[in-house]
Amino acid sequence: MLMQVKVITPEGVVLDQQAEVVTLPGAAGDLQVLPGHRPLAAALRAGSVVLGQANARATLVIAGGVASVRGDMCEVLALESTAATTVDRQACAAEVARLTAHLAEQPLAAAEPERRRLAYYEAQLDAHKA
């Protein structure tokens, strides 16, 4: 049995395909969703959305967002996304270093957007390792 998975960013639909299982980076921990799952709405952190089907796997890194699951449909509204296969490891590592140094100089409350950005780049590096 398959479910339809859509990932949508402000630029439009970036992924629309079927999967046997999808793993989402939930704000409180990873969530695994199968076809026919009970209705669910969940906040998502920066991390990998992993679609599995037979012996294939596709990974898309998101910068956080929300997920909605209804029956055989899973929709992810993401702030930003990158296919794991296109991650530029050197550019991400440089951005992680730059943001880490910048955040060391910022008050906690003022640095929240940069912390979210840092989490997105770290998620891209993690997905590149997998």
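None of the figures in this text is laboratory data; all of them are computed from the coordinates on show. Just so you know, these numbers come straight off a predicted model, no measurement behind them. So basically every Cβ, Gly included, is an ideal-geometry build from the backbone, and we count neighbours across all protein chains shown.
A few notes on this one:
- If the chain linking Arg38 and Ala97 were pulled fully straight, counting 0.36 nm for each residue of separation and taking away their Cα-Cα distance, it would gain 17.2 nm.
- For the chain, the spread of Cα positions along each principal axis, largest first, Å: 50, 28, 26
- A simple packing score, the average count of other Cβ atoms within 10 Å per residue, orders the peptides 72-80, 87-95, 39-47 as 72-80, 39-47, 87-95, with the highest score first.
- Helical runs assigned H by DSSP (4 residues or longer) give the chain a calculated mean residue ellipticity at 222 nm of -9000 deg cm²/dmol, each run adding -39500 (n - 2.57) before division by the residue total.
- With Cα atoms, 0 to 90° folded angle of helix 89-104 axis to the chain main axis: 60
- Pairwise centroid distance, computed over Cα atoms, of region 56-130 with region 28-50, Å: 16
- Normalised contact order of the chain, rounded percent, pairs of Cα under 8 Å and 6 or more residues apart: 23
- Assigned charges on the beta-carbon of Lys, Arg, Asp, Glu; region 8-94 dipole about Cα centre (debye): 220
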